[in-house]
Amino acid sequence: KDKELGNAELKKTARILYTFKLHHEEKITEAVTIERQKILRLQKAFEDITQHKNEMEQATKQLRETNILLTKKLNFAEKRNSIYEEENGIKSSAMYQRKLESDIHRRDI
């Protein structure tokens, strides 16, 4: 009778341990799933940031090129204006500058 009681206790303990093991495995599986979801979100965020960085680098490159071009145009215009001023005086140079600005304005419209 003690043997049967011992076997019953052993079976009860085994069932409890098995249930605990199943519960523990479910918790591990749940934690792994959550971590995988976090990793996917982080990968997506990283891809978005990398794409944005590349777009910003491209825009910066284009702005630098535009800046160089406009600086060259400005230097040329200043040189041209100073030559015109030397040859024709400051009053004529101012009138010439206004004429150029109005020509540019007409082209932009």
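Could you list, in sequence order, the residues of region 1-22 that are assigned to a helix (DSSP H, G or I) and surrounded by fewer than 10 Cβ atoms within 10 Å (Cβ to Cβ)? Those that are assigned to a helix (DSSP H, G or I) and surrounded by fewer than 10 Cβ atoms within 10 Å (Cβ to Cβ): 2, 3, 4, 5. Among the residues that make up region 72-86, is at least one of them at pLDDT 90 or above and surrounded by 10 or more Cβ atoms within 10 Å (Cβ to Cβ)? There is at least one residue in region 72-86 that is at pLDDT 90 or above and surrounded by 10 or more Cβ atoms within 10 Å (Cβ to Cβ). Apart from one condition, residue 73 fits all of (1) under 26 Å from the mean Cα position of the chain (by Cα); (2) basic (Lys, Arg); (3) closer than 30 Å to residue 101 by Cα; the exception is (1).
Just checking, which of 53, 91, 27 is of a type in the set (D, E, K, R) and loosely packed, with under 10 Cβ neighbours inside 10 Å?
Result of the check over 53, 91, 27: 91.
The values are calculated or read from the model by the stated rules, or taken from the named source; none is laboratory data. For clarity, every value in this text was computed on a predicted model and none was experimentally measured. Glycine gets a Cβ as well: all are built from the backbone with ideal geometry, and neighbour counts include every protein chain shown.
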